[in-house]
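What follows is a set of notes on a single structure, which appears directly below.
The values are calculated or read from the model by the stated rules, or taken from the named source; none is laboratory data. Here the structure is a predicted model, which is why all the values come from computation and not from measurement. Cβ sites come from the backbone with ideal geometry, for glycine too, and all protein chains shown count toward neighbours.
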Amino acid sequence: MTKVKFKNLYLGFRLGFGSGISRSYKGQALVELAVFGAFFLILLGVLLSYGLKYNFQQKAQMTVFRRALKIASDQGRGIGAAMILEDRAIPDPTTMFGIGFTAPIVASASVQRDHMMHAQPVDEDSLSGTVMDIQTSRDGSEETQAWMRRIYKTAAFRVEYLVPKENLDKYREIFGSSLLALKSGGSIEDQGSWASTSDDEADMTLLENGSKAYTAIRIIDTCSGEISDYDTCYTQARQLVDPEFCKRKCELAKGPGSDTDCASVCNIETNPPNQTDRIYDDLKGGAWYAADWEGPQPSVAPPAVQVNPNYNFPYLSGYKNDGTIVPALFSFSGARSAGDPVKQMAMGLHSDMTQNVVRNESMAKTETTGAISTQEDAVWTDTLNRTLVHQDNINANGFEKIPASGQPGDFVNVRTRNVVSDVSGSLSQAQVTVK
Amino acid sequence: MKEKMSIKILNWQTDRGQAIRLRSGQATLELTVALILIVILLMAGVKVFLWLNEGLVHRQVSYENTRVAAGNTSPETVSLDAYLDNVEPQDLVIRGANGGTEVDFNEPFNATFNIFATSN
């Protein structure tokens, strides 16, 4: 008896010395099939899930690349970037009715044509940006889908006035010489009014001290874009106000044989805010996002606590070291402003989301003297909520909007948008068995 | 007679004796049933694998077919419809196995090539 139980434990395979041939027990092969068949079904499910996801991903990647290529084929543009986000249902044999789950498929691509590598954007259309195609609903049963398209600029034109000629080197160092232009006749928003920094025909203004300054310079500033990145803006702002930091970045960026004197370039004072003046001057139009900057806070002893060891730019971080909350592009304090208490540390479409899953499954059985009929129905909906954060700060010509108040906080015009995606479908099956 | 019937229904009843008795043909019958099921599952797996692979092949063909049209700089301008909600990007969608080699890439009749137009 014990021997039999022991053998059953090992599914009937005989152990030890003996005939070497397994004996058959009743239902042995079917029990084994049940065990291994379950594993096989799981394997099939994994294959299906992986294969479908790979297919959807590849399709999205190919499509988005073609779109980026077409956008870049515009001869006045030369660059193109596109993104696709869709939510696809992935069936899974291990779930009820094989309904499975919803998987987000994200793909992006950008294309820049060779001849446009060193070209400078001249209007709103040619400014760098990205086209986002976001699926808002998909019904697998009805074969319908709806999409939302948003186009966001990742940079905008920002204008500074009365920039002394010798100060241009620091702007070149921070923003890159290919992103600068000098006003040369015409009006500010006329794209034909701007000339290269190597052009000698720029408009000059005589300052009170007798020196000459460029009347206006145009910067293609990524921090003025509708979607910007905190790290990039922080680095840019700190280079403007911290000469040592600027010097380190300058030395790192130096090419072989470069004779740039990083120390003297970084000691130049740009239009405020800069290393000596923290106040934004709307008449000169400096980098407003660096205004009212706060240097590293000294240690307090005892106890030895450093309040904030880093540079703080309130209009980027959302707070001042004294606890005041200010309007900002990003928020690390838990609230961007009193009226908009959202903690927002990044712009663009956020990958984190909430998902509501609804499954309605029913089965009806009717038995008569002649037949048994069954009706199975399954209706399912997945609702995915995402957050899309962007600035609304660029006019039709690609220039950053200037607030009438001239206050740096009023440049901030962050919008938070809730993007909802519904993925649904239904299954139905009827069967009649004659008795 | 009773034993023969038992074999017919794959001997599912419990033995009353201490030892399980070997019935002739038992393993063969079960193996037959098991193999049929295994083969069905294997065929289903192969079918899924083939279906997914076909998608890759067809998609690659349509992807290559759209290369020239997407990269062509004629016409000179490609307009983007900004700030539109609920636009279905039907153009330049590369289809997989379900759509065969069909490619939703329509050359427009009008001068401006709009890759995002809902209709041309």
In region A:114-123, anything modelled with pLDDT of 85 or more and either surrounded by fewer than 21 Cβ atoms within 10 Å (Cβ to Cβ) or in a strand (DSSP E or B) (or both) is listed as A:GLN120, A:VAL122, A:ASP123
What are the pairs with Cβ atoms under 7 angstrom where one residue, in region A:310-328, is over 17 Å from A:THR235 (Cβ atoms) and the other, located anywhere, is aromatic (Phe, Trp, Tyr) and assigned to a helix (DSSP H, G or I)? Sequence gap at least six, or different chains.
A:VAL326/A:TYR315
Would you pick out the residues in region A:100-127 that are under 30 Å from A:GLU86 (Cβ atoms) and among the acidic types (Asp, Glu)?
A:GLU124, A:ASP125
Taking the conditions exactly as written (at pLDDT below 90 and exposed (fewer than 15 other Cβ atoms within 10 Å of the Cβ)), does A:ASP231 satisfy them or not?
no
Of the conditions (1) over 27 Å from A:VAL414 (Cβ atoms); (2) in a strand (DSSP E or B), A:GLY186 satisfies every one except a single condition; which number is it?
(2)
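To keep it simple, each residue is scored yes or no on (1) of a type in the set (Phe, Trp, Tyr); (2) farther than 21 Å from A:TYR214 by Cα; (3) assigned to a helix (DSSP H, G or I).
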residue	(1), (2), (3)
A:LYS249	no, yes, yes
A:GLY255	no, yes, no
A:THR260	no, yes, no
A:THR270	no, no, no
A:GLY285	no, no, no
Does region A:56-93 hold any residues that are part of a helix (DSSP H, G or I) and hydroxyl-bearing (Ser, Thr, Tyr), and which are they?
A:THR63
Within region B:85-104, does at least one residue satisfy the condition of being at the interface with another protein chain (Cβ under 7 Å from one of its Cβ atoms), modelled with pLDDT of 80 or more, surrounded by 15 or more Cβ atoms within 10 Å (Cβ to Cβ) and on the phi < 0 side of the Ramachandran plot?
no
Given the conditions (1) modelled with pLDDT of 90 or more; (2) part of a loop (DSSP other than H, G, I, E, B), every one holds for A:TYR289 apart from (2)
Does A:LEU349 count as closer than 20 Å to A:SER128 by Cα, at pLDDT 90 or above and in contact with a helix residue (DSSP H, G or I) (Cβ under 8 Å, 6 or more places away or on another chain)?
no
Does A:ALA396 count as surrounded by fewer than 13 Cβ atoms within 10 Å (Cβ to Cβ), assigned to a strand (DSSP E or B) and either modelled with pLDDT of 95 or more or of a type in the set (Gly, Ala, Ser) (or both)?
no
Among the residues of region A:399-435, the number that are farther than 28 Å from A:ALA146 by Cα and assigned to a strand (DSSP E or B) is 7
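Conditions (1) closer than 30 Å to A:LEU207 by Cβ; (2) polar (S, T, N, Q); (3) not in a loop (DSSP other than H, G, I, E, B), marked per residue:
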position	(1), (2), (3)
A:SER126	no, yes, no
A:VAL131	no, no, yes
A:THR136	no, yes, yes
A:GLU142	no, no, no
A:TRP147	no, no, yes
A:GLU160	yes, no, yes
A:VAL163	yes, no, yes
A:SER178	yes, yes, yes
Only one residue in A:ILE90, A:ILE134, A:ILE105, A:ILE79 is in contact with a Pro (Cβ under 9 Å, 6 or more places away or on another chain), at pLDDT 85 or above and more than 9 Å from chain B (Cβ to nearest Cβ). Which one?
A:ILE79
